[in-house]
Every structure is written in C-alpha cells, then in structure tokens.
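Trainee: I have a structure here, written as structure tokens, and I will follow up with some questions on it.
Laboratory data are not the source of any read-out in this text; all were calculated from the coordinates shown. In this text, all values refer to a predicted model and were calculated from it rather than measured experimentally. Using ideal geometry, Cβ is built from the backbone for each residue, glycine included, and neighbour counts are taken over all protein chains shown.
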Amino acid sequence: MTTGVRRRMGVEERRQQLIGVALELFSRRSPDDVSIDEIASAAGISRPLVYHYFPGKLSLYEAALSRAADDLASRFVEPREGPLGARLVRVMGRYFDFVDEHGPGFSALMRGGPAVGSSTTNALIDSVRQAAYEQILSHMGAVDPPARLELVVRSWISLAESTALLWLDGRRVPRAGLETQLVQDFAALCAVAAAHDEELGALLRDLLKDEPGDGPFTDLAVRLIALAGP
C-alpha cells in the first residue's frame, strides 16, 4: 500500500492557485458572499495559510480582479482580417462568453464589489476599457482617430458594459441577438457621427466596401429601410 504525499507548492504557485479558486467561487456568487474560510477549504489549505499569502480578503479579491480584467481585455483582440462587422460579432461573442461564465465576478469588476471606490479597482476597470478602445480602433484601422470617433468608441464600450450588466438580471433577451444588436448599435453611432464629420465618413465608406450582403451592418440597413415603410 502506498501513501500519497501532497506536493508542497512554491509561493507564487500557491498564490496563483488561490486566485484561481477565488475566481471560480466569484463566478458563481458575489464576492461579498464568499468567505476566506470557503476559499481556504476549496484550495485544501487552512485559513491562516491564506493570510500567509494575502494580507486579507481585499488583497485576494483585487488579485482575482486583476486576472479577470486581463482575461476580459483579451476578448477584444481579433486579427484584422475580413469584414469589420464579422470581426465585431466575434468580439462580442467572446465578451458575452466571459459575462455568461463569470456573471457575479463581471458585475463585481464593473461595479467595484467589495473594493468599490478603491484606486486598484478603478485602475483595473480603466485598463479593460482602454484595451477595448485601442482594439476597436485597431479593427477600424484608425491610427489618428477623429475626435468624434473617440467619443463613439468610448460611448459604445460603456453601452456594451451596461447592456451586459442588465442582461445578467434575468437574461430575458436571447444572447446571440443581443450581441448582433450591439454591433449594429456601434454602426449606428458611427453613422450618426459620420454625418457630422467628413473624415470619419471617409473612413466608414472605406470600411463598408468590404461588408457582405448578409453581414450585420447590411442587415441593419435593410431593417431601417423596412422600418421607414413603403
């Protein structure tokens, strides 16, 4: 008969394990409702040992948020290949994958959770928004974006956040349709801004040349024409 020996983890390995355990628990329940005892139990260690690696729940929570923020920001990364509409649909698909899988954690990240108002949490949220902003501009090929485009992109990122948070409360709208709607919201915001900015208009015309007949932008145009009536 052999006796299993538990392998002793290094400091960084144990820290990463605790962060992973905390994220898993936060994905199912609000961080406010998850105790250090639960995290310790799930990690297979004692409560005092958790405090050996993290001074308190807040520091562990912030470390978990940092990893979640990196993951969420990465969802906006997309090769600049193919039509813009299709790329944004894929981005929204990955974004809502994260929202769907980490509902309470997503809400905590965007609303602050136990660390509401802390400089660390605010910096993490800002880093996600900035990464999303830079990626969307990259998708559009906008190296030196017009001022109105900056306003549109940042406004749309806020719209995506608030829409996702509202969707989590009951999930009453089919997810796939909501992802497409958000992409079309972006197109509509850009179109309105382009009506007041020739530089942005030229950029949009160039991008729309590659849009297929069955893409989300064309679908929006068809729906708007139908809405206007005969």
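Trainee: When only Cα pairs under 8 Å and 6 or more residues apart are kept, what is the percent relative contact order across region 34-184?
Mentor: Relative contact order of region 34-184: 27 percent.
Trainee: Angle, helix 57-74 long axis vs. longest principal axis of the chain, Cα atoms, 0 to 90°, nearest 10?
Mentor: Approximately 30 degrees, to the nearest ten.
Trainee: Oh, and also: Using unit Cβ charges (K, R positive; D, E negative) and no other charged atoms, how large, in debye to the nearest 20, is the dipole of the chain about its Cα centre?
Mentor: 900 debye
Trainee: Report the one residue of Leu204, Gly85, Ala191 whose Cα lies farthest in the direction of the positive end of the charge dipole of the chain (charges on C-beta: Lys and Arg +1, Asp and Glu -1; origin at the Cα centre).
Mentor: Of the listed residues, the answer is Gly85.
Trainee: While we're here: Please label the shape of region 115-230 as rounded, prolate or oblate, based on the square roots a ≥ b ≥ c of the eigenvalues of the alpha-carbon gyration tensor (a/c under 1.5 means rounded; beyond that, a/b larger than b/c means prolate, else oblate).
Mentor: Oblate shape, in that a/c is at least 1.5 and b/c is the bigger or equal ratio.
Trainee: Can I ask one more? Using only Cα atoms, find the angle between the long axis of helix 11-26 and the longest principal axis of the chain, and express it within 0 to 90 degrees, rounded to the nearest 10.
Mentor: 60 degrees
Trainee: Have a look at Ala147, Ala123, His52 and report the one farthest towards the positive end of the charge dipole of region 44-202, computed about the Cα centre with Cβ charges (Lys/Arg +1, Asp/Glu -1).
Mentor: Farthest along the dipole direction, towards plus: His52.
Trainee: Additional query: Does region 6-50 classify as rounded, prolate or oblate by the C-alpha gyration tensor (a ≥ b ≥ c root eigenvalues; a/c under 1.5 gives rounded; else a/b over b/c gives prolate, otherwise oblate)?
Mentor: prolate
Trainee: Which angle from 0 to 90°, rounded to the nearest 10, does the C-alpha axis of helix 147-168 make with the longest principal axis of the chain?
Mentor: For helix 147-168, the angle is close to 50 degrees.
Trainee: Next up: How large is the Kirkwood hydrodynamic radius of the chain, counting all unique pairs of alpha carbons, in Å?
Mentor: Evaluated over the chain, this radius sits at 19.8 Å.
Trainee: In nanometres, what is the gap between the two model label sites at Asp169 and Arg29, each 7 Å from Cα along Cα-to-Cβ?
Mentor: 2.3 nm
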